[in-house]
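Take a look at the structure below.
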Amino acid sequence: MTKLVYSREEIEADHEYATPHIECGEKLHGGFTEDGHYLSPRTRYRWEAVENWLQQLENRSVPVVEATTKLLTVPNYPNIDQQIFLLKNGVEQGFWDSLTITGLIEARGKALADLTAPDFQEIIVEDISETALAHMNKGLLRAHGWDEGGNPDSELGGHDLMWYTVRDLVFGKGKFPIPEAPASIGRNKDDREMLDIPVEHEMLISFLMNLLMIEVRAERAFEFYEQVLLSEEVFTERRKEAQHAAELVDRIRRDEAVHVAWLKAAISEFRSFTVKTVSGDTEIGAEIVDPVWQRMVHWHAVEMHEVNRPINEEALRQKILDIENGESVYKQFKALEAA
């Protein structure tokens with residue numbers, strides 16, 4: 001019989017590692033098997049649990065919400081060819097800042113470990129005890145937060161420290177000042193959009209959808225960083241370090257995969273259930289969340305870029321113009337825009 005109910009201890013359990021995860025002297029989460037295979041932290045049972053919940057959705061013929069990089073219709077800026085060109089021409093601070101800000105934002109993710117989700121059984125007709133929704137306070141949120149920012153009760157760093165290690169492998173420590181991270185990278189909405197459910201449940205579901213789209217954006221960022229780091233044209237005096245940095249990015253990608261999976265499961269579960277509305281009626285969850293999900297996707301895929309792109313373009317233009325032959329370099333940079 002498929003196991004669908006897990007304890008907090010199981011969701012948060014680590015594998016028994018043959019070798020610890022240590023990079024540049026930093027103790028990091030996760031570890032390795034005897035044959036050198038990387039194992040993500042807190043996935044001794046977590047992956048099994050999430051896969052079983054997803055399989056249950058399939059058995060119920062419930063579609064899993066689409067959340068892939070195909071949703072991101074606006075290309076990355078700068079693109080991979082442009083970033084490689086900039087590094088070759090000595091414009092390095094933008095890439096340094098990007099890696100640093102990614103780490104700073106990951107550190108904020110530790111707050112998930114302190115988040116308490118409302119009881120969704122209060123507003124759902126069906127029994128949810130065998131779902132991801134029922135396990136948010138049984139380890140899913142806490143494990144996710146510790147993955148991002150580290151478990152404060154351990155000496156092991158999380159993704160924040162892993163990103164700083166990626167940066168320091170290719171640049172060395174302290175090459176540029178630490179930049180300021182944006183106040184928020186998610187969609188912030190003051191007005192309520194799901195009036196049929198209590199505000200605390202709306203806030204949590206909206207938060208999960210926002211978080212899922214941030215994870216989708218992260219997946220595209222992983223590919224960007226890996227391709228730049230693996231290019232033979234850059235970091236020519238640190239090629240081994242750059243290749244190893246790309247390996248670290250891939251480890252983060254593997255860690256993040258379970259986040260995407262559980263978020264997709266929980267949102268898809270809510271869509272499939274009968275929800276008790278504040279008016280005393282019932283409504284299928286999809287009717288409540290789907291319009292908001294569509295707006296959420298559009299914000300992350302289009303609107304965010306429309307706001308940020310001019311600001312980012314001007315900041316990068318100034319960095320390029322500050323170098324010797326900046327005007328010529330900028331023209332060549334712009335010529336790569338459609339690449």
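The values are calculated or read from the model by the stated rules, or taken from the named source; none is laboratory data. No experiment lies behind these values; they were computed from the predicted model shown. Every residue, glycine as well, gets a Cβ built from its backbone with ideal geometry; the counts of neighbours run over all protein chains shown.
Here is how the numbers come out for the structure above:
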quantity: Qualifying positions in the stretch 145-163 - closer than 22 Å to ARG238 by Cβ, in contact with a strand residue (DSSP E or B) (Cβ under 8 Å, 6 or more places away or on another chain) and not aliphatic (A, V, I, L, M); calculated: GLY157
quantity: Some residue of the stretch 42-65 being of a type in the set (A, V, I, L, M, F, W, C), closer than 23 Å to GLY174 by Cα and at pLDDT 95 or above; calculated: no
quantity: Residue match in the stretch 197-210 (condition: in contact with a Leu (Cβ under 7 Å, 6 or more places away or on another chain), over 19 Å from LYS27 (Cα atoms) and part of a helix (DSSP H, G or I)); calculated: yes
quantity: Those helices (runs of 4 or more DSSP H) lying entirely in the stretch 278-339 with at least 3 residues under 28 Å from GLU92 (Cβ atoms); calculated: 304-321, 326-335
quantity: All positions within the stretch 61-73 that are exposed (fewer than 11 other Cβ atoms within 10 Å of the Cβ) and small (Gly, Ala, Ser); calculated: SER61
quantity: Within the stretch 1-33, tally of residues that are of a type outside the set (A, V, I, L, M, F, W, C) and assigned to a loop (DSSP other than H, G, I, E, B); calculated: 11
quantity: Hits in the stretch 302-330 - residues which are within 11 Å of TYR77 (Cα to Cα) and of a type in the set (A, V, I, L, M); calculated: LEU316
quantity: Only one of VAL278, VAL297, VAL329 that is buried (at least 18 other Cβ atoms within 10 Å of the Cβ), over 20 Å from the mean Cα position of the chain (by Cα) and modelled with pLDDT of 95 or more; calculated: VAL329
quantity: Test for GLU58: is it of a type outside the set (S, T, N, Q), exposed (fewer than 13 other Cβ atoms within 10 Å of the Cβ) and without any contact (Cβ under 8 Å) to a residue 12 or more places away in the chain; calculated: yes
quantity: Meets criteria (among the acidic types (Asp, Glu) and not in a helix (DSSP H, G or I)) for GLU233; calculated: yes
quantity: Test result for VAL50, of a type in the set (A, V, I, L, M), loosely packed, with under 14 Cβ neighbours inside 10 Å and either at negative phi or in a strand (DSSP E or B) (or both); calculated: no
quantity: Wholly enclosed helices (runs of 4 or more DSSP H) of the stretch 75-188 bearing at least 2 residues among the aliphatic types (A, V, I, L, M), surrounded by 22 or more Cβ atoms within 10 Å (Cβ to Cβ) and in contact (Cβ under 8 Å) with a residue 40 or more places away in the chain; calculated: 140-149, 159-171
quantity: Residues of the stretch 53-74 classified as within 30 Å of LEU230 (Cα to Cα) and outside any helix (DSSP H, G or I), total; calculated: 6
quantity: Among (1) buried (at least 23 other Cβ atoms within 10 Å of the Cβ); (2) within 30 Å of THR43 (Cα to Cα); (3) of a type outside the set (Gly, Ala, Ser), the one test that GLU256 misses; calculated: (1)
quantity: Single unsatisfied condition, VAL65 versus (1) in contact with a Lys or Arg (Cβ under 6 Å, 6 or more places away or on another chain); (2) among the β-branched types (Val, Ile, Thr); (3) farther than 30 Å from PRO291 by Cα; calculated: (3)
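Okay, residues lined up against (1) at pLDDT 95 or above; (2) in contact with an Asp or Glu (Cβ under 6 Å, 6 or more places away or on another chain); (3) among the hydrophobic types (A, V, I, L, M, F, W, C); (4) over 26 Å from VAL302 (Cα atoms):
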| site | (1), (2), (3), (4) |
| --- | --- |
| ASN79 | yes, no, no, no |
| GLN121 | yes, no, no, yes |
| GLY145 | yes, no, no, yes |
| ASN151 | yes, no, no, yes |
| GLY158 | yes, yes, no, yes |
| LYS173 | no, no, no, yes |
